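Shown next, in structure tokens, is the structure this report addresses.
The values are calculated or read from the model by the stated rules, or taken from the named source; none is laboratory data. Quantities reported herein were computed from a predicted structural model and do not represent experimental measurements. Don't worry about glycine lacking a Cβ; one is built from the backbone with ideal geometry, like all the others, and counts go over all protein chains shown. Calculation scope for accessible area: heavy atoms of the full protein, side chains included, ligands and nucleic acids excluded. Shrake-Rupley method; radii C 1.70, N 1.55, O 1.52, S 1.80 Å.
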Amino acid sequence: MKSQAPVHTTCAYCGVGCGIRAIVTGDRQVTIAGDEDHPANFGRLCSKGTHLGETVGLEGRLLHPMIGDRQADWDEALDLVTGRMRECIERYGPDSVAFYVSGQLLTEDYYAANKLLKGFVGTANIDTNSRLCMASAVAAHNRAFGEDIVPCSYEDLDEADLILLVGSNTAWCHPVIWQRIEAAREARGSKIVVIDPRRTETAEQADLHVAVAPDGDVALFNALLHALHARGLVDLVPWDGLDCDPGVPADVFAELRDLVIAHPRMVTLFSMGANQSVAGTDKGNAIINLHAATGRYNQPGAGPFSMTGQPNAMGGREVGGLANTLACHLGFSEAERAHVAAFWKTDRLCAAPGLKAVDLFRAVHDGRVKFLWVMATNPAVSMPDAGFVREALARCETLVVSDVIADTDTAQLADVRLPALAWGEKDGTVTNSERRISRQRALFRAPGQARADWAIVADVARRLGYGDAFAWESSAAVFREYAAMTALTRRHGKVFDLTALSAMRDEDYEAMTPIQWGGRHPLVAPPRLVPVQPTASAADSNFPLRLNTGRYRDQWHTMTRTGLSHTLAQHRREPLLEIHPDDARTAGLVDGGLGRVVSAHGAAIFRVNVTNAQARSTAFVPMHWTDAMAGEGRANLLPGPLVDPVSGQPAFKNSAVRIEPVIPEWRAFLVSVGSRAPSGLLWWSRSRVKGGWLHEMAGIGAVDCDALLPSGHRLEVTDAVRGTRRIVVTGANGAVAAALFVTRSGQLPPRDWISGQLDGGDGAVAIELLAGRPATPAPDRGPVVCICHGVGTNAILAAIGAGAGSVGAVGNVTCAGTNCGSCRPAISRLIAEAMIMKEAAE
Ligand code: SF4
């Protein structure tokens with residue numbers, strides 16, 4: 001499928017749903033640019049989207065069906081899958097079977113999986129990893145609007161005078177939306193308020209940062225609504241808990257209140273920080289209440305706006321991928337069930353909602369679910385209480401995993417692995433946060449025996465005897481059926497309606513341009529006020545700190561795709577434990593050292609980053625690292641299985657923990673062409689560099705260099721006094737194969753130049769490598785800020801010192817921030833810090 005013509009497709013990562021123009025330039029090679037005609041991004045892409053081209057290779061791919069460790073053909077693998085499924089249904093009933101699917105699936109895949117399980121197997125035990133991301137927003141929408149409707153659009157961000165960002169590090173997690181918000185600020189002077197316990201890079205750019213306590217959002221929004229009511233600005237019947245302590249300093253609350261009063265054109269954008277909570281649904285309704293009571297919805301520049309995390313989380317919601325929805329926004333009432341059963345022509349339709357994610361893995365653990373099919377997700381790492389979930393997966397009688405990667409932490413436990421299509425091979429649709437449906441298009445031929453998820457599901461359905469209902473020949477045919485099914489939603493008074501797309505010809509589907517269902521403001525009735533009460537977290541003296549988990553700017557989920565990019569790895573090479581200086585001192589932690597975070601459910605080790613950005617008595621760790629990328633660094637071992645009682649969404653953002661120092665006897669790093677997953681160490685993590693890998697390690701006792709290094713010609717220097725050892729291994733052609741640096745008490749050299757030698761670098765000789773620096777030292781870049789142009793902190797600080805006083809001026813001097821723009825907030829922060837230091841010095 002070699003082509004020079006641009007293919008219009010959609011980014012693989014977040015719910016912004018940016019359009020991409022992809023030009024295939026060779027075998028598994030593609031150049032990526034933002035699609036200027038796509039209404040989600042108008043040509044912008046963040047760092048992750050920009051560097052998608054580095055992730056389309058076949059390294060690590062699952063290319064053939066596998067039964068255990070044995071390669072099988074599709075017939076054998078699917079006969080086995082179907083046989084085990086049928087046996088479970090016959091012996092234990094339909095509820096012994098479950099699917100756990102993903103917002104990475106295309107809508108057509110989701111539709112097929114949902115139809116098979118709910119319509120023909122007869123159980124609603126299908127849930128999606130979107131449960132972890134925005135199930136609370138869905139529940140809040142259902143309570144307030146009577147349907148899961150996002151009531152505004154990205155254009156409202158352009159036209160708002162005030163934007164409240166709640167629990168959203170937008171600059172990192174939805175960077176193109178952040179760029180849109182910044183553009184609005186520049187164009188119309190919009191005010192930005194960030195409501196978040198952390199002083200994130202987004203909060204640093206805001207006009208006001210409201211450092212709310214963990215899970216303090218309901219109190220804050222109730223207090224705001226009460227303040228407006230007390231001034232006669234809204235008409236409502238107050239409820240108990242509305243007049244409450246806002247939980248933030250009085251002057252901060254007054255400033256927020258006055259901004260809200262002064263700016264009726266207000267959008268409140270909320271995200272995982274609000275949703276992933278025991279009070280996630282109530283937070284969503286507290287936000288919607290403020291908009292409902294003030295009439296700030298269904299108008300330009302106004303509305304409550306839930307951002308989705310995954311590229312097709314919204315498509316999954318629409319199809320019915322959540323266990324508590326039947327299909328297409330329909331529930332389980334008798335009339336809805338009757339209509340769905342008639343549409344699917346089935347007499348086996350499930351009777352009641354199924355198990356939500358946390359309960360589903362409990363049921364796998366205790367043997368109620370005996371057959372589990374995981375599609376396109378990695379619950380062994382991404383679920384809370386991940387140790388328990390891994391145990392459940394290991395116990396499951398039959399675990400089937402369809403994925404693109406051969407050995408995810410989950411796939412390693414599978415009885416059967418089925419190779420699925422990856423981004424760049426799939427063909428179908430996704431829906432973004434503003435209800436806009438876009439096409440993902442294939443750029444490459446399917447590699448090996450990989451197949452579309454919907455086609456795999458349809459094959460299993462045929463084997464189970466339901467061939468007539470799954471006789472699609474293309475993704476277009478699946479889409480047409482799904483679009484036709486939305487006629488049922490209108491019969492139940494709902495807004496969701498794609499029937500106009502149900503007669504699409506294949507060529508129309510092929511040429512389809514982005515379509516937003518429901519228009520810009522789809523609400524047809526005023527939202528209901530839902531009285532919600534503030535909650536308080538219980539104190540626990542064994543675990544005195546509150547742990548928050550979240551994302552890094554340049555990584556995605558469990559790094560199975562972004563972890564392939566050496567460019568993206570530059571931003572954060574290790575998972576960091578962010579902690580306030582006072583808490584670090586109390587716990588005996590030092591900046592750059594190691595700390596073990598312990599909860600009632602597990603423990604994990606991280607590099608310590610002492611920072612004032614973290615509020616006292618709280619800590620933050622990223623959720624991306626898996627056992628494949630780090631030893632002891634899995635953040636999701638820490639949160640317990642606590643969920644929001646309405647939505648079932650896990651509470652990742654507020655876990656009780658304690659932190660203790662980890663004191664290794666030696667520290668080391670290894671750069672090598674091949675990757676290592678060393679065993680027997682206290683801690684390690686690895687990241688890609690151009691031409692190989694950089695491993696950071698720490699341990700106790702002797703260092704087993706032989707286990708770490710490849711064979712080849714070795715040069716070594718040892719300093720017994722400081723306990724340092726430096727070994728360089730070269731291959732037959734003299735090229736560097738590996739370099740290991742170990743110390744017991746001294747400093748390790750900077751990694752940047754050394755890791756650059758794997759790719760040929762500047763032709764350093766071994767003696768320079770052993771010294772850890774070139775004969776003519778090059779300036780140290782410092783931490784990399786702009787990954788597109790490889791610009792480090794030191795060059796940016798030098799430009800600022802020389803008079804560059806704006807992000808644009810720094811860009812003119814260094815090029816930093818002039819490509820994707822994801823690093824512009826970081827450059828802004830460096831400028832602000834330099835100004836503060838300059839003023840202090842004067
Ligand atoms: Fe992809 Fe970035 Fe756009 Fe999200 S904001 S869809 S990750 S390019």
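Details
- Along each principal axis, Cα extent of segment 450-545, largest first, Å: 59, 40, 27
- Lysines whose Cα lies under 16 Å from that of K345, excluding same-chain neighbours fewer than 8 positions away: K115, K118
- Shown for segment 208-296 is the translational diffusion coefficient from the Stokes-Einstein equation, using the Kirkwood radius over Cα pairs, a temperature of 10 °C and a viscosity of 1.306 mPa s: 120 µm²/s.
- Normalised by residue count, segment 119-210 yields a Cα convex hull volume of 137 Å³ per residue.
- Per-residue Karplus couplings for segment 651-657, computed as 6.51 cos²θ - 1.76 cosθ + 1.60 with θ equal to phi - 60°, are listed in order as 9, 6, 8, 8, 9, 7, 9 Hz, Gly and Pro entered as x.
- Of all DSSP beta bridges confined to the chain, the antiparallel ones make up roughly 65%.
- Area of D759 that stays accessible when all protein chains are in place (1.4 Å probe, Å², to 10): 80
- A protection proxy built from the mean count of other Cβ atoms within 10 Å ranks the segments 830-840, 373-383, 143-153, most packed first, as 373-383, 143-153, 830-840.
- Average Cα contact separation per residue, the chain, under 8 Å, 6 or more apart, as relative contact order %: 14
- Estimated Rh, segment 99-252: Kirkwood, alpha-carbon pairs, angstrom: 18.5
- Other residues lying with their Cβ under 9 Å from the Cβ of V150 contribute a combined charge of -1, Lys and Arg counting +1, Asp and Glu -1.
- Per-selection metrics, segment 358-476 (Cα): Rg and Dmax in Å: 16.0, 43
- Computed over segment 532-658, the quotient of the alpha carbon radius of gyration and 2.2 N^0.38 Å is 1.08.
- Cα gyration tensor shape for segment 33-123, rounded if a/c is under 1.5, else prolate or oblate: oblate
- Label point at A809 placed 7 Å out along Cα→Cβ; residues across segment 184-222 whose backbone nitrogen lies under 13 Å: none
- Shape call, the chain: gyration tensor on alpha carbons, a/c limit 1.5: oblate
- Selection from P522, P238, A386 lying farthest towards where the dipole of the chain points positive, charges on Cβ: A386
- Extension gain, D75 back to L63 (0.36 nm per residue minus Cα-Cα distance, nm): 2.8 nm
- Anisotropy class of segment 284-406 from Cα gyration tensor, a/c 1.5 cut: oblate
- Note on segment 579-633: the C-alpha convex hull projects to 4.0 nm² when averaged across all orientations.
- Calculated on the Cα set of segment 74-135, radius of gyration then Dmax: 12.7, 38 Å.
- Above 15 Å, the calculated P(r) of segment 495-555 contains 78 percent of its Cα-Cα pairs.
- A simple count of charges around I20, restricted to other residues whose Cβ falls under 10 Å of its Cβ and scoring Lys, Arg +1 and Asp, Glu -1, yields +1.
- With the simple spin-label model, which puts each label point 7 Å out from Cα in the Cβ direction, the D240 to Y92 separation comes to 4.3 nm.
- Listed peptides 596-606, 802-812 appear in the order 596-606, 802-812 once ranked by packing, highest mean of other Cβ atoms within 10 Å at the front.
- Projecting the Cα atoms of F99, S47, A113 onto the charge dipole of segment 1-129 (Cβ charges, centred on the Cα centre) puts S47 farthest toward the positive pole.
- Under 25 Å from K48, Cα to Cα: lysines that are on another chain or at least 8 residues apart: K2, K426, K653, K690
- With N the number of residues in segment 542-606, Rg(Cα) / (2.2 N^0.38 Å) evaluates to 1.30.
- Principal axis dimensions, segment 640-765 - Cα atoms, whole angstrom, descending: 63, 33, 23
- Dipole moment magnitude, nearest 20 debye, the chain about Cα centre, only Lys, Arg, Asp, Glu C-beta charged: 380
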